[in-house]
Amino acid sequence: MMAAKKVFDKMAERTIVSWTAMVSGFSQNGFFENALLVFSEMRKAGFKGNQFSYGSALKACTGLRCLERGLQIQGCIEKGRFVRNLFVQSGLLDLHAKCGNMEDASRLFYGMGERDLVSWNVMIGGFAFQGFAEDAFQLLREMMREGNIPDCFTLGSVLKVSFGGGGLMKVSQVHGLITRLGFESYNMLAGSLVDAYSKCGSLQCAFKLYRNMPTKDIISCTALITSFAHESKHNIDALDLFKEINSMQLGMDNMILCSILNICANVAELSLGRQIHAFSLKCQPTNDVAMGNALIDMYAKSGEIKDANKVFNEMDERNVISWTSLIAGYGKHGYGHEAIALFEKMEHEGMKPNNVTFLSLLFACSHTGLINKGSELFNAMVSKYKILPRAEHLSCMVDLFARGGQLEAAYNLIHEMNIEPNTSVWGAILGASNIYGNIHIGEAAATCLFNMDPKKSVNYIALAGMYARAGAWENAWETRKLMDERSAVKDPGYSLLSSTEKEMVLFQPY
C-alpha cells in the first residue's frame, strides 16, 4: 500500500476510480483509519462516492467498530443515488450489526426491496455475533421459507452461538441441513459442529465428528479438549487427544495448554503438569495471565506451593484469579497465615478481591483455626467490599465456628443470615456436633439433612454414631433402621493410585 500511496500522491489528475482504488486498498488490507482519511479527502476534493468507495468506507467503520462515523457516511448515501444499491445496503447492515445496533440493522434489512445471500448472511451473522441465538436461528428458518438456500457461511454463523436450553436439538437440525446440502466435507463446518456439540454437552457426537474429519484443525481440537476438561470422566480422553495433536504437529495454543493443566490439577498428575509447563516455556518463554493462573492452580492443587509461588512471582501481570488461586492453594494445605499475608499484600497493591477470594480466605481460616480473623474477613467482605454472602460463605463461617467448638454461634448464624442453608451448611453443623457431642443441635441438623437428601447414608451414620457415643443405643438403632427403610446405602470406598514407576510421557522426540 505504501507504493500505491506514492504513485497516487504523484498523480497530477485523479479520478473517482483512483480515489476508490486507494480507499478500497486500505480497507481490504486492514488500514481502516487510512481508508477513512482518504475517503474524507476525496469528499473534500469534490468527488462523490460510488458504490465501491461507500462500501469500502463502511467496511473501515465496521472494522473500527465506529458507528458514529459510519452514520455520517450513511447520511451521504441516503442523499445520493446509491441508497438502494444492494452492495452498499449490505455494508450498512454489517456496520449496524457488528456495532451491536441490531434494531436499526433489522429496520434496514426489512426495508430492503431486494435481499441476496450476502444480506441474509450479514443479518444472521450479526445476531450470532451479538449472542442472540434464537434470533439467528429464526432468521435462518425465515430465509429458507422465502426460498433462499443457505451456504457454509450462513450455517457456520448459526453454529457459533450458544443455544442454551434445547440447544442440542437445534445443533442436530443444523447438522442435518449441512448433510442435505452436501457441506459435510467442509472442514470449517465440521470444526464448528464439533464445537457446537461440545458446548451442548454431547461429547460423544463431538468426538465421533472429530474422528471423521478428513483434516483435523486446531479449532476443533481446542473445542473438544476444553469440553473434556469440564468432565472429570473424560480426563484420559483429553490427555490421549492432546498426545495425538502433538504427534500431528498441529501447533498448540494457550487454551489447549490451560485445559490440560486444569486436568492435571484435578487428578493431581504433577508429572504431566511439569511436562506441560516445560512445553509452554518452549512455545512462549513469558507466560500470559491465563497460562500463569493455570500453572499456579495446578501446582497449588498438587501440593507444590513453592512452585506455585515461584510462578506467581515471575508473572509480569496478575489479575484477581492469580491472587485467589495462590490464596486457595495456601488454604487447602493448611497455610492459613500465609494466605492472609498474601491477601494483605493484594490489598496493598490495589487489587480488589472478589467473592471467590473471600471464600478461599474463609476456608483457610477454618482449616487453621483462625476464628477471630475469619470473622474479621467476613465482616470486611460485607461492609468494606459490599459483597453479598452466598451459601458457600455461610458454610465456611459455620464450619469455622463449628471446628472451634462454637456450635451455638454456628447454629445462630444460620438463622440470622438471609440465605437458605444448603446440605453443606447443615453437614458442617452435624459433623461438628458429632465431634463435640452436642446431640440437641446435631438432631436439628440431621433432620434438615434427612429432608433435603434422604438417600445420603453418611448423615444417618453420623447421627447414629453420635447417639452411640452418648450411650443412646435405642436412638442409634432407630436411626440405622430409618437408613435401611429409605434405602440409603453407603457408597463403597475407593482409592486413586498414581504409579511412581511408570510416568505418562506426553512428548516424545520425533
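Tabulated data for the structure shown
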{"quantity": "Within the range 170-202, backbone nitrogen closer than 11 Å to the virtual label 7 Å beyond the Cα of T215 toward Cβ", "calculated": "186-188"}
{"quantity": "Potential extension, N319-N354 segment - 0.36 nm per residue separation minus Cα distance", "calculated": "11.5 nm"}
{"quantity": "Sparsely packed GluC sites (Glu not before Pro) within the range 134-215, loop by DSSP, other Cβ within 10 Å at most 11", "calculated": "E146"}
{"quantity": "Phi-based couplings in Hz for the range 33-39 (Karplus 6.51, -1.76, 1.60; Gly and Pro marked x)", "calculated": "4, 4, 4, 5, 5, 5, 4"}
{"quantity": "Pairwise centroid distance, computed over Cα atoms, of the range 287-342 with the range 53-100, Å", "calculated": "48 Å"}
{"quantity": "Solvent exposure ordering (accessible area, 1.4 Å, most first) of V194, V122", "calculated": "V122, V194"}
{"quantity": "Most positive-pole-ward Cα, G147, G182, G126, against dipole of the range 95-198 from beta carbon charges", "calculated": "G182"}
{"quantity": "Radius of gyration and Dmax over the Cα atoms of the range 54-191, both given in Å", "calculated": "15.6, 47"}
{"quantity": "Inter-site label distance for Q173 and V382 at 7 Å from Cα along Cβ, in nm", "calculated": "4.8 nm"}
{"quantity": "Degrees, to the nearest 10: 117-129 long Cα axis against longest axis of the chain", "calculated": "30 degrees"}
{"quantity": "Nearby lysines by direct alpha-carbon distance to K310 (threshold 19 angstrom, same-chain neighbours under 8 apart not counted)", "calculated": "K282, K301, K332, K345"}
{"quantity": "Karplus 3J(HN,Hα) series, Hz, for the range 325-338 with 6.51 cos²θ - 1.76 cosθ + 1.60 (x for Gly, Pro)", "calculated": "4, 6, 4, 4, x, 4, x, 4, 9, x, 9, x, 5, 5"}
{"quantity": "All Cα pairs of the chain, percent lying beyond 31 Å", "calculated": "65 percent"}
{"quantity": "Degrees between helix 439-452 axis and first principal axis of the chain (Cα, 0 to 90, nearest 10)", "calculated": "40 degrees"}
{"quantity": "Dipole magnitude (debye, nearest 20) for the chain, charges at Cβ of Lys, Arg, Asp, Glu", "calculated": "1340 debye"}
{"quantity": "Approximate spin-label separation R145-V289, in nm, with each point projected 7 Å along Cα-to-Cβ", "calculated": "4.5 nm"}
{"quantity": "Unit charges at the beta carbon, dipole of the range 15-110: most positive-side option, A57, L92, T15", "calculated": "T15"}
{"quantity": "Bins of 5 Å, starting at 0 and running to the largest distance - Cα pair percent for the range 330-387", "calculated": "4, 21, 32, 28, 13, 2"}
{"quantity": "Probe 1.4 Å - accessible area at M2, Å² to nearest ten", "calculated": "140 Å²"}
{"quantity": "The chain: calculated mean residue ellipticity at 222 nm from DSSP helix runs of at least 4, using -39500 (n - 2.57)", "calculated": "-22500 deg cm²/dmol"}
{"quantity": "In the range 67-129, GluC sites (Glu not before Pro) in a DSSP loop with at most 14 other beta-carbon atoms within 10 Å", "calculated": "E114"}
{"quantity": "Residue-level accessible surface for S433, protein heavy atoms, 1.4 Å, Å²", "calculated": "0 Å²"}
{"quantity": "The range 242-301 - accessible surface per residue (Å², probe 1.4 Å)", "calculated": "39 Å²"}
{"quantity": "Whole-Hz couplings from phi, Karplus 6.51/-1.76/1.60, listed for the range 172-184; x for Gly and Pro", "calculated": "5, 5, 5, 4, x, 5, 4, 5, 5, 8, x, 9, 5"}
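The values are calculated or read from the model by the stated rules, or taken from the named source; none is laboratory data. These numbers come from a predicted model, not from an experiment. FYI the Cβ positions are ideal-geometry reconstructions off the backbone, even for glycines, and counts take in every protein chain you see. These accessible areas exclude ligands, DNA and RNA; they are computed on the full protein's heavy atoms, side chains included. Shrake-Rupley method; radii C 1.70, N 1.55, O 1.52, S 1.80 Å.
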